[in-house]
Structures are given as structure tokens and as C-alpha cells.
Amino acid sequence: MKSVIRSLGLSLLASISCMTASGAFAGESAQSVGPLLRQPSMNVFRRYAADPEKMFEFYGPVLGLEQLQTYSVGGGQQVARFQLGDSADSQIKLTKRVPNKEYRPGRVEDATGLRLLALTFPDEQAVVQRFREHGFAAPEFRSVSGSERRVALVTDPDGQYVELDVVPNAELSVYKTLEVGLTVSDIERSRSFYRDFAGLEELPPADDPLFHTKKYPFRHGTTVVSLRSFGAGLPADTGSGGIQYVVHDIEKVDALAKARQLVIDQPLGELRGFQLRTIWLQDPDGITNYFAETAQSRQAAQ
């Protein structure tokens with residue numbers, strides 16, 4: 001009898017060990033940054049080498065985004081901010097290139113990294129007119145089979161891609177949504193990162209007629225992160241763009257990142273003069289995921 005009990009006990013211990021190693025328990029495996037997110041969106045930044053005024057013109061009056069105050073963050077670096085919709089919660093931020101990063105020009109499918117931003121508009125002719133008025137080549141829209149949607153692919157003055165979607169008579173929230181397109185080397189690894197660590201809501205995969213592939217979207221508020229893969233072995237673009245999250249407890253992000261043994265690009269620190277505490281992490285392809293705790297986010301959590 002004792003041997004049977006001992007055998008059952010060893011079997012149970014083995015099962016527990018396997019479950020713990022595979023993350024089967026709801027404790028540690030269920031932890032993510034999701035509950036720490038305070039802003040109903042994410043921000044996205046793009047680094048560029050082109051003429052700043054042309055970049056600001058493109059992301060401002062050409063795309064129809066409101067330019068907010070530009071911040072100087074030291075070291076000669078400035079952050080130009082562009083607001084989506086009627087809330088400053090969702091922004092595209094432009095900064096000059098920084099050293100120690102890889103920049104890969106070319107198409108969305110030519111390298112891994114943050115390769116695409118997608119915006120939605122109600123009126124195609126209004127978009128075309130703004131491009132022409134500012135001396136940019138007019139986007140060439142084409143229909144998407146089975147829908148009212150029309151889509152065009154353009155590049156900004158730095159050569160980085162922007163997808164323009166026209167969907168007439170949609171809900172207002174559709175026009176406030178920013179889609180961030182990541183090209184990744186391993187879909188399953190990246191799905192795990194954005195679902196299980198970043199804590200974003202995973203949406204059903206969708207066919208992408210523009211790139212003739214399938215994309216895997218993850219949503220937080222008005223921001224959608226979409227994963228695409230065009231095969232392994234692509235060079236890595238680790239510098240052209242990244243995602244910013246606003247959280248209310250940066251130390252918990254730091255602890256969780258260390259527990260998951262993630263690559264820390266810039267350790268937990270404070271940006272003087274801004275009451276801003278940050279940690280910069282890398283996803284499986286080296287794409288920056290930048291977490292920020294602000295004075296407002298701290299106060300809101302109290």
C-alpha cells in the first residue's frame with residue numbers, strides 16, 4: 001500500500017513539475033502587463049533621417065493629424081507628437097535616429113521590425129486632395145473585394161510605409177484607431193509576447209489582401225498591433241520604430257520582464273524634468289517595447 005501511495009505521490013509531483021514548467025497554473029503564467037496599462041491606447045514612435053519639416057508636414061496636414069507640442073528630452077533629441085482623433089491619448093511620435101540600432105530600408109516584407117502604420121479615413125477624395133495640395137504624389141487606392149473598403153500604400157519622406165484605408169460611414173471609433181504593423185520572424189513567439197507578456201487582447205487572425213498573407217491582430221483600446229511573417233531569416237530592423245505603453249507601476253513591469261528573462265534595452269530609470277520612469281524592452285525580434293510610468297498614471301492608480 002505504501003508503495004502505491006509513494007508511486008502516486010511521485011506521479012503527482014512529476015505532474016506538478018511539468019505544469020509549472022509549461023506555465024499551466026493560473027498564477028505566474030496569468031501575469032502580464034495588461035492590468036498595469038493606464039492609457040486606453042498605445043503610442044508609436046518612428047525614427048527617421050529625412051528632413052524634419054517634410055516629416056512633420058506629412059504626418060500633420062497631409063495625413064490630417066494634429067501636431068502637439070514638441071518636447072526636448074536632452075542630448076539634442078526632440079520628440080514631435082501627432083494626435084490621432086480628438087484625444088491626446090493616442091500619438092505618433094517622431095524622433096531622429098539614434099546609434100546602436102539597425103535601420104533597414106525597403107518594403108514591409110524586406111525585414112523584421114515595425115514596418116507599417118495604418119490609418120483609416122472616411123473620405124478618399126479628401127485624402128487625395130491633401131496629398132496633392134502639399135506636393136506629394138496622390139495615393140492610388142484600390143478596392144478590397146467583398147467590402148466598401150479601399151486601400152492605398154504610401155511612404156513617408158523617410159521611406160517608411162503607411163497604409164491608408166478608406167471606409168465610408170463607419171463608426172467614429174474606426175477613424176481613431178491606429179494599426180501598428182510588425183513583421184516578425186516567428187508568429188507563435190511573437191503572439192506569446194504580445195498576448196502573455198504585454199497583455200493585449202488577441203483578435204481572430206485575418207486575411208490581408210494587401211500583402212497576400214495572414215495577419216494576427218492584438219488590441220488595446222484604440223491601438224491594434226498586427227503581426228505578419230514573410231518567413232525566417234529576414235534581416236532585423238530594430239531602430240525604425242517602437243511601441244510605447246503607459247503604465248501605473250513600472251517596477252512591476254521591471255520585475256515581470258526579469259522573471260520572463262526578456263531582453264532589457266534600457267533598464268528602469270527616470271527621465272529628469274518629466275516625472276517619467278521608463279524601462280525599454282525588446283520583443284523576440286528586437287522591436288522596442290517602451291513602458292512609461294507618468295505622474296498622471298501614478299496618481300490615477302492611487
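The values are calculated or read from the model by the stated rules, or taken from the named source; none is laboratory data. What you are looking at is a predicted structure, and each value in this text was computed from that prediction instead of being measured. No Cβ is skipped: glycine too gets one built from the backbone with ideal geometry, and neighbour counts run over all protein chains shown. Protein only, heavy atoms only, side chains kept; ligands, DNA and RNA dropped before computing areas. Shrake-Rupley method; radii C 1.70, N 1.55, O 1.52, S 1.80 Å.
Residues in the stretch 121-129: is at least one modelled with pLDDT of 95 or more, in contact with a Lys or Arg (Cβ under 8 Å, 6 or more places away or on another chain) and either under 24 Å from GLN266 (Cβ atoms) or open to solvent by 30 Å² or more (accessible area, probe 1.4 Å) (or both)? Looking for residues that are modelled with pLDDT of 95 or more, in contact with a Lys or Arg (Cβ under 8 Å, 6 or more places away or on another chain) and either under 24 Å from GLN266 (Cβ atoms) or open to solvent by 30 Å² or more (accessible area, probe 1.4 Å) (or both), one finds at least one in the stretch 121-129, hence yes. Just one of (1) more than 30 Å from TYR175 (Cβ to Cβ); (2) touching a residue at least 60 places away in the same chain (Cβ under 8 Å) fails for GLU270. It is (2). Among the numbered conditions (1) open to solvent by 10 Å² or more (accessible area, probe 1.4 Å); (2) out of contact with any Gly (no Cβ under 9 Å at 6 or more places or on another chain); (3) within 21 Å of GLY159 (Cα to Cα); (4) in contact (Cβ under 8 Å) with a residue 60 or more places away in the chain, the only one that THR238 does not meet is (2).
Looking at this structure, is PHE58 within 21 Å of the chain's Cα centre (by Cα) and either part of a strand (DSSP E or B) or within 18 Å of LEU276 (Cα to Cα) (or both)? Taking the combined requirement at face value, the residue does not satisfy it. For the stretch 149-174, the set of residues classified as in contact with a Pro (Cβ under 6 Å, 6 or more places away or on another chain) and over 19 Å from GLU109 (Cα atoms) consists of PRO168 only.
Considering only residues in the stretch 273-292 that are within 21 Å of SER240 (Cβ to Cβ) and among the hydrophobic types (A, V, I, L, M, F, W, C), the one that is most open to solvent (accessible area, probe 1.4 Å) turns out to be TRP280.
Among the residues of the stretch 176-209, those that are surrounded by 19 or more Cβ atoms within 10 Å (Cβ to Cβ) and either on the phi > 0 side of the Ramachandran plot or not in a strand (DSSP E or B) (or both) comprise LYS176, THR177, VAL184, SER190, PHE193, TYR194, PHE197, ALA198, GLY199, LEU200.
Looking at the structure I just gave you, is SER145 at negative phi, in a helix (DSSP H, G or I) and either among the polar types (S, T, N, Q) or free of Cβ contacts under 8 Å to residues at least 24 places away in the same chain (or both)? Answer is no for this residue.
Evaluate the following for LEU94: is it out of contact with any helix residue (DSSP H, G or I) (no Cβ under 7 Å at 6 or more places or on another chain), open to solvent by less than 60 Å² (accessible area, probe 1.4 Å) and closer than 12 Å to ASN43 by Cα? Spelling it out, it is not the case that LEU94 is out of contact with any helix residue (DSSP H, G or I) (no Cβ under 7 Å at 6 or more places or on another chain), open to solvent by less than 60 Å² (accessible area, probe 1.4 Å) and closer than 12 Å to ASN43 by Cα.
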